[in-house]
Amino acid sequence: MQLPNKFALWLGVAVVLMAGAFWLRQAVISTPPPRHSAQENTIETPSRLTTERRQSTERPPAPELLPQGFVGSDTCGTCHRDRFDSYQETDHSRSLRRVDDVDLNTDVKVAHDLSNRLFEVYQKNSQTWHKQILLPAPTDRDPKKPERRLEAGDYPIEFVMGSGHFAQAFLLRDQGFLLQSPLAFYTAPQAYEMSPGYDVPHHLGMTRVIDDDCLFCHVGSLKKSSDPFRPVINELSIGCERCHGPGSTHVAHYQTQKSSDASVHLADDPIKNPTNLSRNAQESICAQCHLQGDEVVDASDRTIWDYRPGDDLADYRKIYEFSSQEPNSEEVFVGHFGQLWQSKCYLGSDALTCITCHDPHHTPKPTELNALRKQQCLQCHTDDACSVPHEVRIRDEQDRCVACHMPAITSEVVHSATTNHRIGIHRQDATQDASIATGEQREHVDDPSVRRIATPESDGEERDSTTRSDLLANSLRLLNDLTSQGKSERMAELDSLLASLSRYAAEHVDDSSIHVVLAQLAYQKLLFVDMTQDETATTWELARSYATKALANASISRRDQLRAWEVLAAWNFDSGNIANAKTYYQRLTTGRRSASDFYNLGLCLGKQQDFLGAEMAFRQAIHVNNEYPLPYRSLSILYRQTNPELSRMMVDIAEFLTHRVNH
């Protein structure tokens, strides 16, 4: 690519200032300890992290920023002080905190052998930062030479997620976005280690954006009409109104009543007492966060943030489990519903729910717990009904029912265990667990719509059920599988879904989510199927037309809008409409944090001979994801004539990154 002289003069000065900004050359670090040592993956052992509650510096949210009808938990506390204070001692009340309200260990280094990375936790400018450094593959390390290291993210912590009962995760701030740190702090070993899902050879590093969906189970409320990818948090941690409903009408009524008229109750009070709701409505409140699956499908006209206590959660979101195992049986932290629904205790009762055993306002003391759990079991069972002699129960398990019937089990989260919520006989000598419901007995578990745990067929054949949620769940699963695995043999399933979705779209012309998924499926087909020129043109037109139809809907969600723009950007680029492609990529780069968006924008700018703009776009792609080799290669072309040394450095980094992935 020939650079114009005027640009070359500017670039020749600028690249001298930027040379050396990529590689970190340091002495070779000592070999990390074995992965299963006492301090797993840690080089420097941190001191104890304080998880006790500290006085929060958070101010109550401004009323005009709260969702409609909300007043904030502090307002609730003015009248319900005992409940409010008791709730502050629960884990839910500490689901998200500002970093300033938590004592954190710093000056810590953590090496992760599986992904060849080094992480640092340190203080800078009165803030706690997390830094990620890429190390070469072990086969590329030469103890006689300085080790090449590539810094791949360095951001300040803004929020600490999690109560600290088991662990705490960290949310980093970068240019308006919140990012998940690959590091978490685990309470049991009192050590920093990899976050769940990150203890693998290839992970997301510091690129995972935390959007409003991620925050739903950890915050009280977000700013109204907040950008889903740049959420503005109003109330930290789960608050009163998430389980009881919006309080403004309730507050206004009782604040205007004279003390003598305090007994005058509000008709149709939006504040709900879960104990007065049906079992399905009670479970919907807990299922907001504690029921999860492989795919979730939101209703066409609302999101999970629109849910209010007392409603049926399935009117807002449906949960799909595609595993052949029992629903959520292996995912302990989010699988309690699936476990409970397998229990005869649950099926034999009309009243057994989460709050039968869990008081959301109170955390029992450890010395009270055994007696409390026994008392809860004896609400339905008698002590002499147990076949184990009383003296044996006392000797072996302190006469704790849950020790045998709801034992502690290891979870998918490292260094943690939780209770098995399948109430049953779990003794190793039990040949058959008579308390597990059979398939016939479990049939009605799927009747209440909140329990929408479905396992649609995956053989690509036309299915009788063509509901919107089923079609979207299957499509989202296929799109995720193709993106992560690229299974070209599943094209028959893709074609079947395209046909079913097309028929549904013809009858639901205003459903932007259906049109966007159609556009995405057609686009994926272009990537994985060898087609003739005519077939390619037809499929591109299908993708373009459905994306355009989706954008024509004025109520299209921000997420669907971005997905439609992505398809149209690719179509315009493939068609040679570079100016239009650039416009769409510019929109994408302002709407989400994606290295490929900036890289593709750089390609468009390069084709338009805007080399300064292209360089800035490529460098922003690197900022978003330092592990993405393509922008380094493109920069090497830009720098080839003006600074050959920097050009070679870009090639060197790209090869370093490619080699790390392959080894």
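How many Å³ per residue does the convex hull of the Cα positions in the range 136-239 occupy?
On the way: hull volume 13.3 nm³, N = 104.
Residue-normalised Cα hull volume stands at 128 Å³.
Pull up the cross-link candidates among the lysines for Lys124, meaning alpha carbon to alpha carbon under 25 Å and not fewer than 8 places away within one chain.
The qualifying lysines are Lys109.
Need the full-extension length gain, Ala252 to Gln68, defined as separation in residues times 0.36 nm minus the C-alpha distance. One decimal, nm.
Gain in length upon complete extension: 64.8 nm.
Taking N as the number of residues in the range 590-663, what is its Cα Rg relative to 2.2 N^0.38 Å? Could you put the intermediate results ahead of the total?
Working: Rg = 12.1 Å, N = 74, 2.2 N^0.38 = 11.3 Å.
So the Cα radius of gyration is 1.07 times the expected 2.2 N^0.38 Å.
Give the relative contact order (percent, whole number) for the range 267-387; include only Cα pairs under 8 Å separated by 6+ residues.
On the way: 108 pairs, mean separation 26.3, N = 121.
Relative contact order of the range 267-387: 22 percent.
Mind listing P(r) for the range 486-528? All alpha-carbon pairs, 10 Å bins, whole percents.
29, 52, 17, 1
Which whole-number percentage describes the relative contact order of the range 543-586, with Cα contacts under 8 Å and a sequence gap of 6 or more? Present the calculation step by step, with values, prior to reporting the outcome.
Details: 35 pairs, mean separation 14.8, N = 44.
Relative contact order for the range 543-586 comes out at 34 percent.
Distance between Cα centroids, the range 624-663 to the range 476-520: provide it in whole Å.
Distance between centres, Cα-based: 36 Å.
What is the calculated FRET efficiency for Asn580 to Thr467, with r their C-beta to C-beta distance and R₀ = 45 Å, to the nearest 0.05? Walk me through the numbers on the way to the answer.
Working: r = 36 Å, r/R0 = 0.80.
That pair, Asn580 with Thr467, gives E of 0.80.
Quick one: divide the alpha-carbon radius of gyration of the range 365-413 by 2.2 N^0.38 Å and tell me what you get.
Against the empirical 2.2 N^0.38 Å value, I get 1.24 for the range 365-413.
If eta is 0.890 mPa s and T is 25 °C, what Stokes-Einstein diffusion coefficient results for the range 540-663, Kirkwood Rh from Cα pairs, in µm²/s? Before the final figure, lay out the partial values.
Working: Rh = 15.4 Å.
Approximately 159 µm²/s, per Stokes-Einstein.
Any number yet on Rg/Rh for the range 186-300, C-alpha, Kirkwood?
Values: Rg = 19.8 Å, Rh = 18.1 Å.
My calculation of the ratio gives 1.09.
How much length, in nm to one decimal, is gained on full extension between Asp103 and Ala371, taken as 0.36 nm per residue of separation minus their Cα-Cα distance? Numbers along the way, then the final one.
Details: separation 268, 0.36 × 268 = 96.48 nm, distance 3.38 nm.
Full extension from Asp103 to Ala371 adds 93.1 nm.
Using Cα positions and a limit of under 28 Å, work out the lysines in reach of Lys374, with same-chain residues fewer than 8 apart set aside.
Output for Lys374: Lys344, Lys365.
Taking one equal scatterer on every alpha-carbon of the range 128-195, how large is log10 of I(q)/I(0) by Debye at q = 0.11 1/Å?
Relative scattering, expressed as log10 I(q)/I(0), comes to -0.37.
Quick one: Karplus J couplings for the range 287-301, per residue in order, coefficients 6.51, -1.76, 1.60, θ = phi - 60°, nearest Hz, x for Gly and Pro?
5, 3, 10, 8, 10, 9, x, 7, 9, 10, 10, 7, 4, 6, 10
Using 1/(1 + (r/R0)^6) with R0 = 35 angstrom and r between the beta carbons of Tyr122 and Glu655, what's the FRET efficiency to the nearest 0.05?
Details: r = 30 Å, r/R0 = 0.85.
Taking R0 as 35 Å, the efficiency between Tyr122 and Glu655 is 0.75.
Label-point separation (nm) for Arg648 and Asp350, each offset 7 Å from Cα along Cα-to-Cβ?
8.3
Per-residue HN-Hα couplings for the range 507-515, Karplus 6.51 cos²θ - 1.76 cosθ + 1.60 at θ = phi - 60°, whole Hz, x for Gly and Pro?
9, 9, 5, 9, 8, 5, 5, 4, 5
Go through Lys525/Lys582; Lys525/Lys549; Lys582/Lys607 and tell me which ones have a Cα-Cα distance over 21 Å in this structure.
Values: Lys525/Lys582 23 Å; Lys525/Lys549 19 Å; Lys582/Lys607 10 Å.
Going by Cα-Cα distance, Lys525/Lys582 fall outside the 21 Å limit.
Give me the distance in nm between label points sitting 7 Å out from Cα along the Cα-to-Cβ direction at Ala506 and Val529, one decimal.
Spacing of the two 7 Å Cα→Cβ label points: 1.8 nm.
Values in this text are rule-based calculations from the coordinates and carry no lab data. The structure presented is a predicted model; accordingly, all values stated were derived computationally and were not measured. Note: ideal-geometry Cβ built from the backbone for every residue, glycine included; neighbour counts use all protein chains shown.
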